[in-house]
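Okay, structure first, notes after.
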Amino acid sequence: MMPDGSKIKPESDYDVLYRIMTTRMSVRRIRPDPIPEEYVDKILEAGRWAMSGANGQPWEYLVIKDPKKKKDLYDAFQDTNQEFCFWMEQMRPFELRHPAFQVKGDDLKDEWQKIRNSTGGQQRRPWHEAPVVIVVLGDGRRQWATVNAAFTFGRHASHFTDGLANTCTHMQLAIASLGLGSHWGTVHIQEPLKRVLGVPDLIDVYLIISVGFADIERKPGVRRDLKELVHRESYDMSKFMSNEDIIDYLYELRGKTMFRYHLKDSLLPGAGDKKS
């Protein structure tokens, strides 16, 4: 009810959810300011209610706040996952490389070191400086709860990874709903991270989520039009893309999304100032 007596139509549950989904973004610059402990609990609670095959709930969460432990994890991640990705990406045409690894310097080793040190010519902030880092772990044995078919046909224990993806999505939406920013790091090589965290061999390190207050302005999201994705009753072959079409699509996509990886124009006022 407004002061003048007029009524405001309340948002539906879907409206609220849609607003959260469409305003959420991956934040590559997070302030080091602490966040309330209750926020962390709410994020984890949201993850706990994700769906999984036969309700096996294969997830566990490792919450890290200690600066040294976060830095050790960051170093292990950079020196395995990121370096591996960097050199793999250099084998692709420049425009098709992941935006984080599009470098033009003559000395690729030097360019890697810039990325390794989280500068890369951009005003990034390494994710270990976020106040909270959540490492999502998975216990594949909990997939025993579901059907054996989940292990077959080359889907890489699909119910296991499906469940872990679901819990991560729940947490990302919860983070956005609390007015926080987050960035997620895909884990390709687990062993060095396990050594830092003391994770047992049978437990997977699935994803790293850094959480805190964003230090950049939100940029509009880029998504394919719904009409391109939807088929009615049977597959619409007019929407099928050849290999050449996919390459063209990637060139177009990079043109639309590269700006998200260049932060200079999106920093909040004072974000680039040096703290005394």
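The values are calculated or read from the model by the stated rules, or taken from the named source; none is laboratory data. Worth saying up front: this structure is predicted, and the values here are computed from it rather than measured. Reconstructed Cβ throughout: ideal geometry from the backbone, glycine too, with neighbour counts over all protein chains shown. Just so you know, the surface numbers come from the protein's heavy atoms only, side chains and all, with ligands and any DNA or RNA stripped out. Shrake-Rupley method; radii C 1.70, N 1.55, O 1.52, S 1.80 Å.
What to note about this one:
- Distant-in-sequence amide contacts of residue 183, defined by a placed amide H-H separation under 5 Å and a gap of 5 or more residues or a different chain, comprise 27, 210.
- Fluctuation leader among 47, 179, 198 - the chain, Gaussian network, Cα springs under 10 angstrom: 198
- Residue 219-residue 18 FRET efficiency (beta carbon distance; Förster radius 25 Å; 0.05 resolution): 0.85
- Taking the inverse of the mean reciprocal distance over all distinct Cα pairs, the Kirkwood hydrodynamic radius of the range 61-104 comes to 12.1 Å.
- Fluctuation leader among 219, 42, 104 - the chain, Gaussian network, Cα springs under 10 angstrom: 104
- Where (i) -0.45, -0.55, -0.66, -1.42; (ii) -0.52, -0.65, -0.79, -1.61; (iii) -0.41, -0.51, -0.61, -1.42 are the candidate values, the label of the one calculated here for log10 I(q)/I(0) by the Debye sum over Cα atoms at q = 0.09, 0.10, 0.11, 0.17 Å⁻¹ is (ii).
- With the charge dipole of the chain set up from +1 on Lys and Arg Cβ and -1 on Asp and Glu Cβ about the Cα centre, the Cα lying farthest toward the positive end among the listed residues 151, 56, 88 is that of 88.
- Across the chain, the longest piece that holds none of the chymotrypsin sites (Phe, Trp or Tyr not before Pro) lying in DSSP loops with up to 14 other C-beta atoms within 10 Å covers 50-152.
- Under DSSP loop assignment and at most 16 Cβ neighbours within 10 Å, longest GluC sites (Glu not before Pro)-free interval of the chain: 12-216
- Calculated from backbone phi, Karplus (6.51, -1.76, 1.60) coupling profile of the range 18-23 in Hz, x at Gly/Pro: 4, 5, 5, 5, 8, 9
- Diffusion coefficient of the range 144-238 by Stokes-Einstein, Kirkwood radius over Cα pairs, 4 °C, 1.567 mPa s: 75 µm²/s.
- Between 131, 58, 93, the residue with the greatest mean-square fluctuation in the GNM of the chain (Cα pairs under 10 Å linked by springs) is 93.
- When the inverse distances between all different Cα atoms of the range 74-150 are averaged and flipped, the Kirkwood radius reads 15.1 angstrom.
- Per residue, the accessible area of the range 40-133 comes to 53 Å² when a 1.4 Å probe rolls over the protein heavy atoms.
- Compactness of the range 163-219, expressed as Rg and Dmax over alpha-carbon positions, Å: 13.6, 40
- Carbon/sulfur fraction of accessible area - the range 38-171, other protein chains in place, 1.4 Å, %: 54
- In Hz, Karplus ³J(HN,Hα) per residue of the range 229-245 (6.51, -1.76, 1.60; θ = phi - 60°; x = Gly, Pro): 9, 9, 10, 10, 6, 8, 5, 8, 5, 5, 9, 6, 9, 6, 4, 5, 4
- Compared with the rule-of-thumb size 2.2 N^0.38 Å for a compact globular protein, the range 16-139 has a Cα radius of gyration ratio of 1.28.
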